[in-house]
Amino acid sequence: MDLYFSLLLQIIYGVANLALISLGLAIVFGMMRVINLAHGEFLMLGGYTVVVATNNGINIWFSILILAPLVVGLIGLIVERCLIQWLYGRMIDTLLATWGLSLLFIGIITSIFGASTSTVISPPLGTITIGDYTSSGYELFLIFVVIVLLLFVFLTLKFTALGLVARATMQNSDMASCLGISTSKIYMITFSLGAAVSGLAGGLLAPLTGVLPNIGAIYIGKAFITVISGGSAILAGTTSASILLGSVNGVMSYVTGPTFGEVALLFTAIILLRLMPTGITGRFFRKSQ
Amino acid sequence: MMRLYGSFRGTLVVASIAVLFTLLAPSIFQFFTIITLTQVIGLSILALSLALVWGFGGVLCFGQSAFFGIGAYAYSVAAVNIGGSTGAILIAMLAAATFATLLGYFVFYGKLSDVYLAVITLTVSLILYSLMRRTSGPEYKIGSALLGGFNGTGSPPLNVPGNSEAMLFPLQTFYVSMGALILAYVFAGWLVTTKFGRVCVSIRENELRTSLLGYDTRLYKLGIFAVSAGIAGLGGVFFCVGVTRVTPDVFSLGQSALAIIWVIVGGRGTLIGPILATFVLYFLTASLGSQQLMNTNLVLGGILVIFVLLVPSGVIPSIAKWFDLRRVKKFSKLKERRLKMRKHRSVG
Amino acid sequence: MSMNRRNFLRTTATATLAAPALINQAFAGSHGPIKFVSILDQSGGLDIYGKPMVDATKMAIDEMNESGGLLGREIELKIYDPQSSIQFYTQFATQAAAGDKADVVHAGITSASREAIRPTLSRYETLYFYNTLYEGGVCDMNNFCTGSTPAQTVEKLVPYAMKKWGKKVYIVAADYNYGHITAEWVQKYVRDNGGDPVEVEFFPLDVTNFGPTIKKIQASKADMVMSALVGGAHVSFYRQYAAAGMNKSVPVASTTFGVGNEHKLISAEEGDGMICAYSYFEEIDSVANKDFVARFKARMGDGAPALNELAARSYEAAFIWAEAVKAAGTADRMPVIEALRSGIAYDGPSGRVDIEPKTNHLNQNVYLAELKDQSFNIVESYQSQPPTDTLMVCDLVANPDQSVFKFENGLKAAGIDI
C-alpha cells in the first residue's frame, strides 16, 4: 500500500515536472506561434542564475523564486527585441534563429563557467516518510509551485486587462491591431513572460538536476512534444498533455525502466496526434485558453 | 526565378561542374580531406533529399534523419550479413523508402496538418534514437551484426560489385560516393520537371486548388515523401561508410535540425543550394573543432543568428535574386509582388 | 575567460622555449618537431571529462619542451575537439594519421569513440594511446590502454563495500557498452564474494529523473547501490538519491563517480560516505603527487579543475610514451612499440606504472577511497595491480597481430562466467 501511494506521488511529480518544463514554451508557442528551440537554454540560464546567486551568498528561495524568473525574463526581453521581433510570421526562420541562439547561449555559458559548475545547493527541504518509503520534500514543494503557477497564468489570462488583450492578439492579431492594440508590445511582453516562466522552471529544477551548459537539450524534445500534443490552448493543453504523457512515462519507467518510459511517452504522443490532429484541446476544449 | 536553378538544363550544367570537381579533387585536396569528403557527401545527399521533399513537395519533414539513419543501419546490418556492399546499398534505400511509405500513409491519409507532420516525423526519429540506444547488450543482434546501442555498430567499407573480397580504396570510395551524389542530384532535378514533380510543386503552392483539379494530393505527397526517404537512405549509406561506423546519434534532434539548417541556408526551392551549404557548414564546424581560441558553439550560433537576420531566403535564391534584379527588372518586380501576396496570405 | 589565460600561458611558454629548442635542433640535426595529437571532447556532453584531460596533456607536453624536448626535437602538440560526436572522431583521427602524420595519437573518452578510431589508426599505422578507465578487453598491438580496468578497481571495491554495508547489491549503470560490461563485472564480483545482485538497471546518458528508480531501490530492500553512471546528466541521481534521504540508509559505491569531478559538483551532505576505487586520486600522499598537484594548480590558477584518474593518466601516458621514445632513440612507431613492451616503467603522480606486454595495458597502483567533505580519504592501497580481466582473453606475446575488442559481445561470449 505504501509503495502504491509513494508511486502515485512519484507519478504526480513526473506530471508536474513535465508541465513545468513545458509551460514557458507553451506560452510562447500558443500565443505567438513561435517555435523556440532555445527554450531549453532558458531553463539552463535559470539554473545558472540560481547557482551564481547562491554561490554569492544570496538566499536560495529568493534566487529560485524571484531572481531566476527576473533574470531570464530580462534575457527574453532582449532576445525578443533584438531577434524574434524581426521574424514574426516566418516560423521556419525563427526555428533557425532560435537554434543558433541556443548554441550561442551554450557557448557563452561554457566560456564563462567551464564545462561543469560546482553546485553545492541541495534541495533545501527534508524528506517525507510514507511507511517504508521516503520521498523528497522538495519534490512535493515543486508540485505545489506548479499548481500555483498554472493558477497564476490562468487568472492572468482570464481576469486581467493584459490577459484579455493577449487573448485577442492570439486569436486574431490583425483585428486586434485594428482595434488599437500594439501587438508588437503584446508579443514582447508574452515572450519575456514565457522566458520568465522558463527561468523559474530552470531555477526550481537546478537543486535536483544540477546545472550544465548543455542540459537544455534534455528538456527541449519533451517540452516540444508536450506542447504540440496539448494543442493551441495554453493552459488546458499543457495540463492535459502533461497529465497523460507524464502518467504514461511514470508508469512505464517504473515497470520497464527509463528508456521504454521515454518511448512510451513519444509513442502516446504520436497516436494522440493521429487521432486528434490539432492536439487534445483542439478537439475537446475549442475556444478555451 | 526558375532560370538559374530550376530547369533541367541547369541541373545538367551543375552536374557537369560536379563531375569536373570530382576528377580534379585528388590533385587539389590533401589525401585525408578526400577521405573525409565521403561522409560529407553522405550528409549532403541527406540535405538533397530534404530539399526535394520540403523545397518542392512542401512537406516539412523534421525527422528526415530518421530515414537517413535507417539507411545507415540497414546498410551496416545487411553488409555484415550478406558480406557484400552492393546489395546492401539497395536494401538500405528500400528499407528507408518502405518505412517512409508506412509512416506517410499513416500521416497523409490521416489528414494531419503541416506542423503536426513535422512533429510526428521528429517524434518518430526520437523514438528510433531511444530504441537504438537501448540495444547495448550482446542479445541485440540481427544475423551476425551486433547493434551495439550507444556505441553503434561498425559499417563495412564498399567493395567491387560481385567480389566481396576486393575492398575499395578511399579514393575509389570517394569517386563512388561523388557519383551517387551526382546521380541523385540529376534524378531529383529531373523528377521536379516531370508531371509528377510539377503536381507536387502545385500542391506546395496550393493544396486545395490542386485537389479540386482532380489530383489525389495525398498520393502525390506520399510519393515524393517515399522517394526522398530513399535518397536519404542512400545518404546514410555513404555517411556510415565514411565514418566507418553508425551510432544512434544519426537519429538525434541535433542531426534532424542540422538537415533543416542546411536547407534553409542553401535556400528552399533549389537542389544545389542545400548540398553546397552542407559542405561549407560541415567544414566550418570541423575547423572550429581544431582550433582552441573560441568555443565552437559560440561561433556557430552567432553565424546562424546573423544569417537569419541578413540572408533570410538562403544563399542560392539570394544570388539568383540578385542576378534577376540585374538582368530583368520587370520580372523581379512581378515576383516581388507575388511574394508579397503570398506573405499577405500567410499572415491573414 | 579561462580560455584566454590558458592560451596566453601557452604562447608565453612556447616563446620562452623557442630559443633552446632551436639550438637543440641545430645540434641534433633532426627533421622537425615530433607530432603529438590529442583528440578529446572539449564541448558537448562529455566535456566534463575531456577538459581536465586536455589541460593535463598540455602541461605534460609543455614540461617536456621546457626540459629540451625529446631526442633534441621539440614536441608539437595538436589538439582536436570532436565535440562529443563520433563522426568528428573518425575525421580527426584520419586527419591526424594521414594529414598531420602524427607520431602518436592520444584520444578517446567513451568506448564508442575508441572503437571508432582504433581501426583507422591501426590502418594508417599510427601509434594510439587510450587513457580512460574502461571495461577492459581491448587486444590491439597498436593500442595502449593506460586506464584502469574492472579487475584492477571493481574487484577491490565490491568486497570492501559489501563487507561494510551488506550483501544485497542494487546495480545502476549507464546504458552503453561501458555500463553493460561493468555491470557484468560487478555482478560477477558480487557473486564471487557470496552476495546477491538483486537488480541491474540501465540509464541512457540523458536521463535526469531518477524518481522511479529510487522507489525501486527502496522496494528492493537492497543493502547498497553500485553505480556505473556516466556523464553530467547522471549526476542528478546522487542529488535526488540524497534528497530522498537514501544516501544514509542505502549507501552508494561507484566505479565512475569522481572521474568527471562529480564530487566537487554535489554538496558534502549529498556525497559523504561514498566509496570509489581508482588508480589515482588528487589526495594521494606522496612527494611526486604533491608536486604534480602544486604545478597543475599554479599553472591553471583559480579555475583549476580537480585532478582525477583521467587527467592524471593523460599526463602520465604522455611521459610513458616519452620514456619509450627516449629508449628507442626514435619516434617511429615500431621501435617505440617494442620499447614500450620491453617493460618500461615510469614513476608518476600515481606511483610506479609499467606496461604489461601481453595486453598493452598498465600494471598500476590502485587506491580505495571514501568521500568526505568533497574530497577523497584514501583507506586502502594496492601496489602494481595487473589487468587480469584483459589477461584472461588476450595474449599479444603469443599472438601479436591482433586488433580486436574482446568484450564487444559481453563477458559470456568472451568465455567469462558472471
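Values in this text are rule-based calculations from the coordinates and carry no lab data. Given the structure is predicted, the values throughout are model-derived calculations rather than measurements. With ideal geometry, Cβ positions are generated from the backbone for all residues, glycine too; neighbour counts draw on all protein chains shown.
Estimate the FRET efficiency between C:Lys101 and C:Asn377 by the formula 1/(1 + (r/R0)^6), using the beta-carbon distance for r and 51 Å for R0, to the nearest 0.05.
Plugging the Cβ-Cβ distance into 1/(1 + (r/R0)^6) gives 0.65.
How do the peptides B:168-176, A:224-232, A:51-59, C:302-310 rank, highest first, by the average count of neighbouring beta carbon atoms within 10 Å per residue?
A:224-232, C:302-310, B:168-176, A:51-59
Which entries of A:Lys222/C:Lys164; C:Lys156/C:Lys290; C:Lys372/C:Lys406 show an alpha-carbon separation above 31 angstrom in the structure shown?
A:Lys222/C:Lys164; C:Lys372/C:Lys406
State the three equivalent ellipsoid semi-axes of the stretch C:154-254, derived from the C-alpha gyration tensor as the square roots of 5 times its eigenvalues, in descending order and whole Å.
Sorted largest first and rounded, they come to 20, 16, 11 Å.
Can you give me the angle between helix B:315-327 and the longest principal axis of chain B, using Cα atoms only, in degrees from 0 to 90, rounded to the nearest 10?
30 degrees
Show the residues, 5+ positions off or on another chain, whose built amide H is closer than 5 Å to the amide H of C:Glu199.
C:Ile171
Sort all Cα-Cα distances of the stretch C:253-319 into consecutive 10 angstrom bins from zero, then give the percent of pairs in each bin up to the one containing the longest distance.
19, 51, 28, 2
If I measure Cβ to Cβ between cysteines in chain C, which ones have no partner under 4.7 Å?
C:Cys145, C:Cys276
So for B:Tyr185, A:Tyr133, B:Tyr215, fewest C-beta neighbours within 10 Å to most, what's the order?
Fewest-to-most Cβ neighbours within 10 Å comes out as B:Tyr215, A:Tyr133, B:Tyr185.
Please sort C:131-139, A:8-16, B:78-86 by packing, taking for each peptide the average over its residues of neighbouring beta carbons within 10 angstrom, highest first.
Final packing ranking: C:131-139, A:8-16, B:78-86.
log₁₀ I(q)/I(0) of the stretch A:1-153 at q = 0.13, 0.16 Å⁻¹, via Debye over equal Cα point scatterers, no solvent, to two decimals?
Relative scattering, expressed as log10 I(q)/I(0), comes to -0.74, -1.03.
Quantify how strongly other chains surround peptide B:106-112 by giving the mean number of their Cβ atoms within 10 Å of each of its Cβ atoms.
Partner-chain Cβ atoms within 10 Å, mean over residues of B:106-112: 2.
Using the count of nearby Cβ atoms within 10 Å as a rough guide to exposure, how do B:Phe29, B:Phe62 rank from fewest to most?
Ordered from fewest to most neighbouring Cβ atoms within 10 Å, B:Phe29, B:Phe62 come out as B:Phe29, B:Phe62.
How well do other chains shield peptide C:112-119, expressed as the mean number of their Cβ atoms within 10 Å of each residue Cβ?
4
So for the pair B:Leu212, C:Ser249, with labels modelled 7 Å out along Cα→Cβ, what separation do we get in nm?
In this crude spin-label approximation the distance works out to 6.9 nm.
What residues qualify as long-range amide H neighbours of C:Lys168, i.e. H under 5 Å apart, gap of 5 or more or another chain, H built at 1.01 Å from N?
The answer is C:Asp196, C:Asp223, C:Met224.
List, largest first, the extents of the alpha carbons of chain B along their principal axes, each in whole Å.
That works out to 61, 49, 42 Å along the principal axes.
Name the shape class, rounded, prolate or oblate, that the alpha-carbon gyration tensor gives for the protein assembly as shown, where a ≥ b ≥ c are the square roots of its eigenvalues, rounded holds for a/c under 1.5, and otherwise prolate holds if a/b is larger than b/c and oblate otherwise.
In terms of gyration-tensor shape, oblate.
Against the longest alpha carbon principal axis of chain B, how many degrees, from 0 to 90 and to the nearest 10, is the axis of helix B:296-310 turned?
The angle comes out near 20 degrees.
Round to the nearest 10 and give me the degree value, 0 to 90, for the angle of helix C:47-66's Cα axis relative to the longest principal axis of chain C.
30 degrees
Please state, as a whole number in µm²/s, the translational diffusion coefficient that the Stokes-Einstein equation yields for chain C at 20 °C and 1.002 mPa s, with Rh defined as the Kirkwood radius across alpha carbon pairs.
Answer from the Stokes-Einstein relation: 98 µm²/s.
In the calculated pair distance distribution of the stretch B:58-152, what percentage of Cα-Cα distances lie above 23 Å?
Summing the P(r) of the stretch B:58-152 above 23 Å gives 31 percent of all pairs.
With a point put 7 Å past each Cα toward its Cβ, work out how far B:Leu284 is from A:Ser184 in nm, to one decimal.
2.9 nm
Taking 60 Å as R0, compute the FRET efficiency from the Cβ-Cβ separation of A:Asp132 and A:Leu70 and round it to 0.05.
In this case the efficiency is close to 0.90.
Just rank C:Phe407, C:Phe319, fewest to most, by other beta-carbon atoms within 10 angstrom.
Taking fewest neighbouring Cβ atoms as first place, the list is C:Phe319, C:Phe407.
Peptide C:227-240: average number of partner chain Cβ atoms within 10 Å per residue?
Neighbouring Cβ atoms belonging to other protein chains average 4 per residue here.
Among residues other than C:Ala268 whose Cβ falls under 9 Å from its Cβ, what is the net charge (Lys/Arg +1, Asp/Glu -1)?
Surrounding charge for C:Ala268 is -3.
Output the Kirkwood hydrodynamic radius of the stretch A:2-284, Cα pairs only, in Å rounded to one decimal.
About 19.3 Å, per the Kirkwood formula over Cα pairs.
Starting from the eigenvalues of the Cα gyration tensor, five times each then square-rooted, give me the equivalent ellipsoid semi-axes of the stretch A:136-179, largest first, whole Å.
Equivalent ellipsoid of the stretch A:136-179: 33, 9, 5 Å, largest first.
Kyte-Doolittle mean at least 1.6 and Cα extent at least 20 Å along the axis: which DSSP H helices of chain A qualify?
A:2-32, A:68-82, A:91-113, A:137-159, A:258-275
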